[in-house]
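Student: Structure provided below as C-alpha coordinates; questions to follow.
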Amino acid sequence: MILIDAITEPENALANAVKTLCAGGLVALPTETVYGLAADATNGEAVARIFAAKGRPQFNPLICHVSDLEMAKRYGEISPMAEKLAKRFWPGPLTIVVPLKANCGIHPLVSAGLDTIALRCPRGIVGQIADELKRPIAAPSANTSGTISPTTAKHVEDDLGAKVDLIIDGGACSVGLESTIVKPWNNTLFLLRSGSITVEELAAFSGRPVERPQSGAAIEAPGMMISHYAPKTPMRLNAQRIEADEALLAFGPKPIENAGAARVQFNLSPKGDLIEAASNLYDYMKQLDKKGASAIAVQCIPQTGLGEAINDRLCRAAAPKDKDHE
Ligand code: TXA
Ligand code: MG
(Lines give C-alpha, C1' and ligand atoms only; values in the text may rest on other atoms or scores of the structure.)
(Ligands and ions follow the chains in the order given, each with its own letter.)
Protein backbone atom coordinates (compact mmCIF):
# COMPACT_ATOMS: atom_id res chain seq x y z
CA MET A 1 0.00 0.00 0.00
CA ILE A 2 1.23 3.48 -0.90
CA LEU A 3 0.03 6.67 0.79
CA ILE A 4 0.19 10.02 -0.99
CA ASP A 5 -0.63 13.37 0.58
CA ALA A 6 -2.97 15.22 -1.77
CA ILE A 7 -2.42 18.52 0.00
CA THR A 8 1.36 18.64 -0.45
CA GLU A 9 1.53 16.56 -3.66
CA PRO A 10 -1.73 17.14 -5.57
CA GLU A 11 -0.37 16.26 -9.02
CA ASN A 12 1.33 13.10 -7.84
CA ALA A 13 -1.87 12.08 -6.01
CA LEU A 14 -4.03 12.68 -9.09
CA ALA A 15 -1.70 10.86 -11.50
CA ASN A 16 -1.23 7.84 -9.26
CA ALA A 17 -4.91 7.52 -8.42
CA VAL A 18 -5.82 7.56 -12.12
CA LYS A 19 -3.09 5.04 -12.94
CA THR A 20 -4.11 2.65 -10.16
CA LEU A 21 -7.83 2.85 -11.02
CA CYS A 22 -7.07 2.28 -14.71
CA ALA A 23 -5.15 -0.85 -13.78
CA GLY A 24 -8.16 -2.21 -11.85
CA GLY A 25 -6.75 -1.37 -8.40
CA LEU A 26 -8.43 -0.07 -5.25
CA VAL A 27 -7.79 3.48 -4.07
CA ALA A 28 -9.02 5.07 -0.86
CA LEU A 29 -10.06 8.63 -1.70
CA PRO A 30 -11.03 11.64 0.40
CA THR A 31 -14.41 13.31 -0.14
CA GLU A 32 -16.03 16.05 1.93
CA THR A 33 -18.29 13.42 3.57
CA VAL A 34 -16.20 10.32 4.35
CA TYR A 35 -13.33 8.46 2.68
CA GLY A 36 -14.41 6.23 -0.20
CA LEU A 37 -13.01 2.88 -1.34
CA ALA A 38 -12.79 3.51 -5.06
CA ALA A 39 -12.66 1.39 -8.21
CA ASP A 40 -13.34 2.00 -11.90
CA ALA A 41 -17.14 1.57 -12.12
CA THR A 42 -16.88 -0.09 -15.54
CA ASN A 43 -14.44 -2.79 -14.39
CA GLY A 44 -16.31 -5.70 -12.80
CA GLU A 45 -13.29 -7.32 -11.22
CA ALA A 46 -12.16 -4.09 -9.67
CA VAL A 47 -15.66 -3.50 -8.30
CA ALA A 48 -15.78 -7.03 -6.92
CA ARG A 49 -12.55 -6.28 -5.07
CA ILE A 50 -14.38 -3.48 -3.23
CA PHE A 51 -16.92 -5.96 -1.89
CA ALA A 52 -14.17 -8.40 -0.95
CA ALA A 53 -12.12 -5.77 0.86
CA LYS A 54 -15.15 -4.54 2.81
CA GLY A 55 -16.64 -7.98 3.36
CA ARG A 56 -19.89 -6.41 2.18
CA PRO A 57 -23.04 -8.27 1.11
CA GLN A 58 -23.20 -8.01 -2.66
CA PHE A 59 -26.78 -6.84 -2.84
CA ASN A 60 -25.74 -3.40 -1.63
CA PRO A 61 -25.41 -1.09 -4.61
CA LEU A 62 -22.57 1.45 -4.72
CA ILE A 63 -22.56 5.18 -5.34
CA CYS A 64 -20.96 6.28 -8.64
CA HIS A 65 -18.89 9.43 -8.38
CA VAL A 66 -18.83 11.65 -11.45
CA SER A 67 -16.84 14.69 -12.52
CA ASP A 68 -19.89 16.79 -13.37
CA LEU A 69 -23.49 16.82 -14.60
CA GLU A 70 -22.37 16.09 -18.15
CA MET A 71 -20.75 12.81 -17.08
CA ALA A 72 -23.82 11.98 -14.97
CA LYS A 73 -25.98 12.28 -18.08
CA ARG A 74 -23.97 9.59 -19.85
CA TYR A 75 -24.87 7.04 -17.17
CA GLY A 76 -28.23 8.09 -15.72
CA GLU A 77 -31.56 9.37 -17.06
CA ILE A 78 -31.52 12.85 -15.57
CA SER A 79 -35.05 14.22 -15.10
CA PRO A 80 -35.62 17.98 -14.86
CA MET A 81 -35.86 17.66 -11.04
CA ALA A 82 -32.61 15.64 -10.88
CA GLU A 83 -30.90 18.25 -13.04
CA LYS A 84 -32.15 21.07 -10.84
CA LEU A 85 -30.82 19.32 -7.74
CA ALA A 86 -27.44 18.60 -9.36
CA LYS A 87 -27.07 22.21 -10.50
CA ARG A 88 -27.83 23.49 -7.03
CA PHE A 89 -25.93 21.00 -4.84
CA TRP A 90 -23.02 19.66 -6.95
CA PRO A 91 -20.19 19.46 -6.27
CA GLY A 92 -21.32 18.56 -2.76
CA PRO A 93 -22.68 15.98 -0.35
CA LEU A 94 -25.82 15.02 -2.31
CA THR A 95 -26.35 11.65 -4.02
CA ILE A 96 -29.15 11.43 -6.56
CA VAL A 97 -30.72 8.08 -7.50
CA VAL A 98 -31.94 8.03 -11.11
CA PRO A 99 -32.83 5.40 -13.74
CA LEU A 100 -29.72 3.69 -15.11
CA LYS A 101 -29.04 4.30 -18.81
CA ALA A 102 -29.18 1.12 -20.86
CA ASN A 103 -25.81 -0.21 -22.12
CA CYS A 104 -23.89 2.67 -20.56
CA GLY A 105 -20.97 0.50 -19.48
CA ILE A 106 -21.45 0.60 -15.70
CA HIS A 107 -20.76 -2.88 -14.41
CA PRO A 108 -23.99 -4.49 -13.09
CA LEU A 109 -22.31 -5.30 -9.79
CA VAL A 110 -22.22 -1.56 -9.10
CA SER A 111 -25.99 -1.15 -9.04
CA ALA A 112 -26.49 -4.67 -7.62
CA GLY A 113 -28.90 -5.51 -10.39
CA LEU A 114 -31.17 -2.50 -9.79
CA ASP A 115 -32.30 -0.48 -12.80
CA THR A 116 -31.32 2.71 -11.00
CA ILE A 117 -27.96 4.30 -10.27
CA ALA A 118 -26.83 6.50 -7.38
CA LEU A 119 -24.79 9.44 -8.74
CA ARG A 120 -22.79 11.97 -6.81
CA CYS A 121 -20.29 14.67 -7.69
CA PRO A 122 -18.19 15.28 -4.58
CA ARG A 123 -15.96 18.26 -3.89
CA GLY A 124 -12.22 17.90 -4.26
CA ILE A 125 -9.91 15.43 -5.92
CA VAL A 126 -12.46 12.71 -6.75
CA GLY A 127 -14.13 14.82 -9.43
CA GLN A 128 -10.73 15.54 -11.00
CA ILE A 129 -9.86 11.84 -10.97
CA ALA A 130 -13.18 10.90 -12.63
CA ASP A 131 -12.55 13.60 -15.21
CA GLU A 132 -9.10 12.24 -16.10
CA LEU A 133 -10.32 8.64 -15.98
CA LYS A 134 -13.23 9.69 -18.24
CA ARG A 135 -15.62 7.42 -16.37
CA PRO A 136 -17.33 7.17 -13.01
CA ILE A 137 -15.72 5.92 -9.84
CA ALA A 138 -17.66 3.41 -7.76
CA ALA A 139 -16.99 3.97 -4.08
CA PRO A 140 -18.69 3.00 -0.85
CA SER A 141 -17.27 4.24 2.42
CA ALA A 142 -13.75 2.86 2.94
CA ASN A 143 -14.39 0.70 5.99
CA THR A 144 -14.98 -2.94 6.82
CA SER A 145 -18.64 -3.83 6.54
CA GLY A 146 -20.62 -2.96 9.66
CA THR A 147 -18.02 -0.64 11.16
CA ILE A 148 -17.90 3.13 11.36
CA SER A 149 -17.10 5.13 8.22
CA PRO A 150 -13.60 6.66 8.03
CA THR A 151 -13.11 10.41 8.12
CA THR A 152 -9.29 10.46 8.03
CA ALA A 153 -6.67 8.60 5.98
CA LYS A 154 -5.42 7.09 9.25
CA HIS A 155 -8.83 5.49 9.86
CA VAL A 156 -8.60 3.85 6.42
CA GLU A 157 -5.02 2.75 6.94
CA ASP A 158 -5.81 1.12 10.30
CA ASP A 159 -8.80 -0.75 8.92
CA LEU A 160 -8.09 -1.55 5.25
CA GLY A 161 -4.41 -0.66 4.80
CA ALA A 162 -3.49 -4.19 3.76
CA LYS A 163 -6.34 -4.41 1.25
CA VAL A 164 -5.96 -1.23 -0.80
CA ASP A 165 -3.29 -0.34 -3.34
CA LEU A 166 -3.21 3.37 -2.63
CA ILE A 167 -4.53 5.80 -0.04
CA ILE A 168 -4.86 9.46 -0.98
CA ASP A 169 -4.68 11.57 2.16
CA GLY A 170 -6.76 14.72 1.80
CA GLY A 171 -6.89 15.52 5.52
CA ALA A 172 -9.95 15.16 7.74
CA CYS A 173 -13.31 15.17 5.94
CA SER A 174 -15.07 18.49 6.43
CA VAL A 175 -18.61 17.11 6.67
CA GLY A 176 -17.87 13.78 8.36
CA LEU A 177 -21.23 12.09 7.59
CA GLU A 178 -22.19 10.20 4.44
CA SER A 179 -23.99 12.11 1.72
CA THR A 180 -27.71 12.80 1.72
CA ILE A 181 -29.37 10.38 -0.75
CA VAL A 182 -32.50 11.46 -2.62
CA LYS A 183 -34.53 9.81 -5.32
CA PRO A 184 -36.69 12.10 -7.48
CA TRP A 185 -39.49 9.84 -8.68
CA ASN A 186 -42.88 10.61 -10.29
CA ASN A 187 -42.71 14.26 -9.24
CA THR A 188 -41.91 13.33 -5.66
CA LEU A 189 -38.60 13.64 -3.87
CA PHE A 190 -37.83 10.65 -1.64
CA LEU A 191 -35.19 10.91 1.07
CA LEU A 192 -33.33 7.57 1.14
CA ARG A 193 -30.64 8.63 3.61
CA SER A 194 -30.37 11.78 5.68
CA GLY A 195 -27.14 13.76 5.59
CA SER A 196 -25.75 17.24 5.86
CA ILE A 197 -28.04 18.58 3.13
CA THR A 198 -31.17 18.58 5.24
CA VAL A 199 -34.80 17.74 4.49
CA GLU A 200 -35.68 21.35 5.23
CA GLU A 201 -33.18 22.58 2.61
CA LEU A 202 -34.39 20.07 0.03
CA ALA A 203 -38.05 20.88 0.65
CA ALA A 204 -37.39 24.62 0.46
CA PHE A 205 -35.42 24.22 -2.73
CA SER A 206 -37.76 21.83 -4.52
CA GLY A 207 -40.88 23.62 -3.34
CA ARG A 208 -42.58 20.38 -2.34
CA PRO A 209 -42.58 18.08 0.64
CA VAL A 210 -39.83 15.49 0.84
CA GLU A 211 -41.10 11.97 1.52
CA ARG A 212 -39.15 10.06 4.13
CA PRO A 213 -38.52 6.34 3.86
CA GLN A 214 -41.22 4.10 5.33
CA SER A 215 -40.11 1.50 7.83
CA GLY A 216 -38.64 -1.38 5.85
CA ALA A 217 -37.02 1.09 3.46
CA ALA A 218 -34.05 -1.28 3.41
CA ILE A 219 -35.25 -2.08 -0.08
CA GLU A 220 -35.05 1.53 -1.25
CA ALA A 221 -31.54 2.13 0.14
CA PRO A 222 -30.13 -1.21 1.14
CA GLY A 223 -27.35 0.43 3.12
CA MET A 224 -29.94 1.81 5.48
CA MET A 225 -30.01 -1.54 7.27
CA ILE A 226 -30.61 -1.08 10.94
CA SER A 227 -27.27 -2.04 12.48
CA HIS A 228 -25.15 -0.28 9.89
CA TYR A 229 -22.90 2.10 11.79
CA ALA A 230 -21.99 0.01 14.78
CA PRO A 231 -19.09 0.13 17.22
CA LYS A 232 -18.41 -3.04 19.24
CA THR A 233 -19.25 -1.36 22.56
CA PRO A 234 -23.02 -1.09 23.14
CA MET A 235 -24.40 2.40 22.68
CA ARG A 236 -27.00 3.91 25.01
CA LEU A 237 -28.77 6.97 23.61
CA ASN A 238 -30.30 9.99 25.31
CA ALA A 239 -28.43 9.22 28.51
CA GLN A 240 -29.55 11.29 31.51
CA ARG A 241 -26.78 10.03 33.80
CA ILE A 242 -23.71 7.78 33.67
CA GLU A 243 -23.90 4.15 34.81
CA ALA A 244 -20.95 2.04 36.04
CA ASP A 245 -17.96 1.90 33.71
CA GLU A 246 -19.60 3.83 30.89
CA ALA A 247 -17.86 6.15 28.46
CA LEU A 248 -19.64 9.39 27.59
CA LEU A 249 -20.23 10.94 24.21
CA ALA A 250 -21.37 14.39 25.26
CA PHE A 251 -22.89 17.24 23.29
CA GLY A 252 -23.19 20.92 24.11
CA PRO A 253 -22.19 23.17 26.99
CA LYS A 254 -24.43 21.62 29.66
CA PRO A 255 -23.05 18.40 31.19
CA ILE A 256 -25.41 15.57 32.17
CA GLU A 257 -26.03 14.85 35.84
CA ASN A 258 -22.92 12.86 36.88
CA ALA A 259 -20.78 13.35 33.75
CA GLY A 260 -17.63 13.28 35.89
CA ALA A 261 -18.29 9.59 36.67
CA ALA A 262 -17.63 8.59 33.05
CA ARG A 263 -14.59 6.40 32.48
CA VAL A 264 -13.68 8.70 29.61
CA GLN A 265 -15.56 11.36 27.71
CA PHE A 266 -15.52 13.31 24.48
CA ASN A 267 -17.77 16.23 23.63
CA LEU A 268 -18.98 16.27 20.00
CA SER A 269 -19.29 20.02 20.21
CA PRO A 270 -18.85 21.84 23.51
CA LYS A 271 -20.54 24.88 21.97
CA GLY A 272 -23.51 22.82 20.72
CA ASP A 273 -22.78 23.20 17.00
CA LEU A 274 -24.34 20.32 15.01
CA ILE A 275 -21.94 20.74 12.08
CA GLU A 276 -18.94 20.42 14.36
CA ALA A 277 -20.65 17.45 16.05
CA ALA A 278 -21.20 15.65 12.73
CA SER A 279 -17.58 16.03 11.73
CA ASN A 280 -16.40 14.57 15.06
CA LEU A 281 -19.00 11.80 15.36
CA TYR A 282 -17.28 8.80 13.79
CA ASP A 283 -13.82 9.62 15.06
CA TYR A 284 -15.09 9.93 18.63
CA MET A 285 -17.19 6.76 18.35
CA LYS A 286 -14.12 4.90 17.13
CA GLN A 287 -11.94 6.26 19.92
CA LEU A 288 -14.50 5.53 22.66
CA ASP A 289 -14.99 2.04 21.26
CA LYS A 290 -11.37 1.27 22.18
CA LYS A 291 -11.71 2.19 25.85
CA GLY A 292 -13.18 -1.08 27.13
CA ALA A 293 -16.24 0.69 28.57
CA SER A 294 -19.41 -1.24 29.48
CA ALA A 295 -21.32 1.06 27.11
CA ILE A 296 -21.05 4.39 25.34
CA ALA A 297 -23.65 6.70 26.85
CA VAL A 298 -24.70 9.40 24.42
CA GLN A 299 -26.10 12.71 25.56
CA CYS A 300 -29.32 13.85 23.87
CA ILE A 301 -28.75 15.58 20.51
CA PRO A 302 -31.42 17.91 19.10
CA GLN A 303 -33.39 16.50 16.17
CA THR A 304 -33.08 19.73 14.12
CA GLY A 305 -31.06 20.35 10.94
CA LEU A 306 -28.03 18.08 10.83
CA GLY A 307 -29.18 16.56 14.13
CA GLU A 308 -31.57 14.32 12.20
CA ALA A 309 -28.70 12.65 10.33
CA ILE A 310 -26.57 12.41 13.48
CA ASN A 311 -29.42 10.77 15.41
CA ASP A 312 -30.11 8.44 12.47
CA ARG A 313 -26.49 7.20 12.63
CA LEU A 314 -26.60 6.94 16.42
CA CYS A 315 -29.84 4.91 16.34
CA ARG A 316 -28.29 2.49 13.87
CA ALA A 317 -25.15 2.25 15.99
CA ALA A 318 -27.30 1.51 19.05
CA ALA A 319 -29.54 -1.06 17.34
CA PRO A 320 -29.04 -4.74 18.15
CA LYS A 321 -26.50 -6.13 15.72
CA ASP A 322 -27.59 -8.62 13.11
CA LYS A 323 -25.63 -10.36 10.42
CA ASP A 324 -27.36 -8.38 7.71
CA HIS A 325 -25.37 -5.21 8.18
CA GLU A 326 -23.37 -3.45 5.54
O1 TXA B 1 -20.84 10.17 1.39
C2 TXA B 1 -21.03 9.13 0.78
O3 TXA B 1 -22.10 8.90 0.21
C4 TXA B 1 -19.88 8.11 0.75
C5 TXA B 1 -18.77 8.70 -0.09
C6 TXA B 1 -17.60 7.76 -0.25
O7 TXA B 1 -19.27 9.08 -1.34
N8 TXA B 1 -20.31 6.88 0.19
C9 TXA B 1 -21.14 6.02 0.85
O10 TXA B 1 -21.35 4.87 0.15
O11 TXA B 1 -21.63 6.25 1.92
P12 TXA B 1 -22.00 3.58 0.80
O13 TXA B 1 -21.84 2.52 -0.22
O14 TXA B 1 -21.43 3.31 2.13
O15 TXA B 1 -23.52 3.92 0.85
C16 TXA B 1 -24.22 4.04 -0.35
C17 TXA B 1 -25.68 4.01 -0.12
C18 TXA B 1 -26.16 2.69 0.37
O19 TXA B 1 -27.11 2.91 1.38
C20 TXA B 1 -26.79 2.08 -0.85
O21 TXA B 1 -27.74 1.16 -0.54
C22 TXA B 1 -27.34 3.31 -1.52
O23 TXA B 1 -26.33 4.25 -1.36
N24 TXA B 1 -27.55 3.13 -2.96
C25 TXA B 1 -26.63 2.97 -3.91
N26 TXA B 1 -27.20 2.81 -5.11
C27 TXA B 1 -28.53 2.88 -4.92
C28 TXA B 1 -29.67 2.77 -5.76
N29 TXA B 1 -29.54 2.56 -7.05
N30 TXA B 1 -30.88 2.90 -5.19
C31 TXA B 1 -31.01 3.11 -3.87
N32 TXA B 1 -29.97 3.21 -3.01
C33 TXA B 1 -28.75 3.09 -3.53
MG1 MG C 1 -20.93 2.74 4.21
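The values are calculated or read from the model by the stated rules, or taken from the named source; none is laboratory data. As the structure is a computational prediction, the values presented were derived from the model and not from experiment. Every residue, glycine as well, gets a Cβ built from its backbone with ideal geometry; the counts of neighbours run over all protein chains shown. Ligands, DNA and RNA are excluded from the accessible area calculation, which covers all protein heavy atoms including side chains. Shrake-Rupley method; radii C 1.70, N 1.55, O 1.52, S 1.80 Å.
Student: Being assigned to a loop (DSSP other than H, G, I, E, B), closer than 21 Å to Glu32 by Cβ and in contact (Cβ under 8 Å) with a residue 24 or more places away in the chain is the filter here; which residues of the range 266-300 pass it? Lay out the reasoning, then the answer.
Tutor: Taking the range 266-300 and keeping what is assigned to a loop (DSSP other than H, G, I, E, B), we get 268-273, 290-295, 299-300.
Keeping just the survivors that are closer than 21 Å to Glu32 by Cβ gives 268-269, 273.
Leu268 - this is the single residue of the range 266-300 that is assigned to a loop (DSSP other than H, G, I, E, B), closer than 21 Å to Glu32 by Cβ and in contact (Cβ under 8 Å) with a residue 24 or more places away in the chain.
Student: Which of the residues spanning the range 62-86 are within 28 Å of Leu281 (Cβ to Cβ) and either near ligand 1 (Cβ under 10 Å from one of its atoms) or open to solvent by 10 Å² or more (accessible area, probe 1.4 Å) (or both)?
Tutor: Passing the criteria: Leu62, Ile63, Cys64, His65.
Student: Taking strands (runs of 3 or more DSSP E) that fall entirely within the range 1-66, which contain at least 2 residues that are farther than 24 Å from Gly176 by Cα and not aliphatic (A, V, I, L, M)?
Tutor: Qualifying strands (runs of 3 or more DSSP E): none found.
Student: Taking the residues in the range 182-191 that are hydrophobic (A, V, I, L, M, F, W, C) and open to solvent by 10 Å² or more (accessible area, probe 1.4 Å) as candidates, determine which candidate is nearest to the chain's Cα centre (by Cα). Can you show your working first?
Tutor: Taking the range 182-191 first, the residues hydrophobic (A, V, I, L, M, F, W, C) are 182, 185, 189-191.
Subsequent filtering for residues that are open to solvent by 10 Å² or more (accessible area, probe 1.4 Å) retains 185, 190.
Details: Trp185: 22, Phe190: 18 Å.
Residue satisfying both the conditions and the ranking: Phe190.
Student: Here's another thing I want to ask about it. What are the residue pairs meeting all of these: first residue in the range 148-177, first residue without any contact (Cβ under 8 Å) to a residue 40 or more places away in the chain, second residue assigned to a loop (DSSP other than H, G, I, E, B) and open to solvent by 40 Å² or more (accessible area, probe 1.4 Å), Cβ atoms under 8 Å, and 6 or more apart or on different chains?
Tutor: The qualifying pairs are Asp159/Thr144; Asp159/Thr147.
Student: Out of the range 149-190, which residues are in a strand (DSSP E or B) and over 21 Å from Phe205 (Cβ atoms)?
Tutor: Leu166, Ile167, Ile168, Asp169
Student: Would you tally the residues in the range 74-129 being of a type in the set (Ser, Thr, Tyr) and assigned to a helix (DSSP H, G or I)?
Tutor: 1
Student: Of the residues Thr144, Thr152, only one is open to solvent by 20 Å² or more (accessible area, probe 1.4 Å), more than 9 Å from ligand 1 (Cβ to nearest atom), of a type outside the set (D, E, K, R) and modelled with pLDDT of 95 or more; which?
Tutor: Thr152
Student: For the range 110-120, check the following and say yes or no: at least one residue is modelled with pLDDT of 95 or more, open to solvent by 10 Å² or more (accessible area, probe 1.4 Å) and away from ligand 2 (no atom under 16 Å from the Cβ).
Tutor: No, every residue in the range 110-120 fails to be modelled with pLDDT of 95 or more, open to solvent by 10 Å² or more (accessible area, probe 1.4 Å) and away from ligand 2 (no atom under 16 Å from the Cβ).
Student: Here's something else I'd like to know. Looking at the range 259-292, which of its residues are open to solvent by less than 60 Å² (accessible area, probe 1.4 Å), charged (D, E, K, R) and under 23 Å from Glu157 (Cα atoms)?
Tutor: If the condition is that a residue be open to solvent by less than 60 Å² (accessible area, probe 1.4 Å), charged (D, E, K, R) and under 23 Å from Glu157 (Cα atoms), then Asp283, Lys286, Asp289 are the ones that fit.
Student: Consider Ser179 carefully, then state whether it is closer than 23 Å to Ala142 by Cα, crowded, with 20+ Cβ neighbours inside 10 Å, modelled with pLDDT of 75 or more and within 13 Å of ligand 2 (Cβ to nearest atom).
Tutor: Yes, satisfied.
Student: Given the conditions (1) open to solvent by less than 20 Å² (accessible area, probe 1.4 Å); (2) over 16 Å from the mean Cα position of the chain (by Cα), and given that His107 satisfies all but one, which numbered condition is not satisfied?
Tutor: (1)
Student: Then there's this: Hey, any hits in the range 219-233 for a residue that's of a type in the set (A, V, I, L, M, F, W, C), open to solvent by 30 Å² or more (accessible area, probe 1.4 Å) and modelled with pLDDT under 95?
Tutor: yes
Student: Against the conditions (1) within 12 Å of ligand 1 (Cβ to nearest atom); (2) open to solvent by 30 Å² or more (accessible area, probe 1.4 Å); (3) in contact (Cβ under 8 Å) with a residue 24 or more places away in the chain; (4) over 30 Å from His155 (Cα atoms), where does Lys101 fall short? Just the number, please.
Tutor: Condition not satisfied by Lys101: (1).
Student: Of the residues that sit in the range 22-61 and are among the charged types (D, E, K, R) and at pLDDT below 95, which one is most open to solvent (accessible area, probe 1.4 Å)?
Tutor: Looking at residues that are among the charged types (D, E, K, R) and at pLDDT below 95, I get Glu45.
Student: Same structure again: Taking the criterion of being within 23 Å of Gly113 (Cα to Cα), polar (S, T, N, Q) and within 15 Å of ligand 1 (Cβ to nearest atom), would at least one residue in the range 26-36 satisfy it?
Tutor: no
Student: If Gly92 meets every condition in (1) touching a Gly at 6+ places or on another chain (Cβ under 8 Å); (2) of a type outside the set (D, E, K, R); (3) within 11 Å of ligand 1 (Cβ to nearest atom) apart from one, which number is that one?
Tutor: (1)
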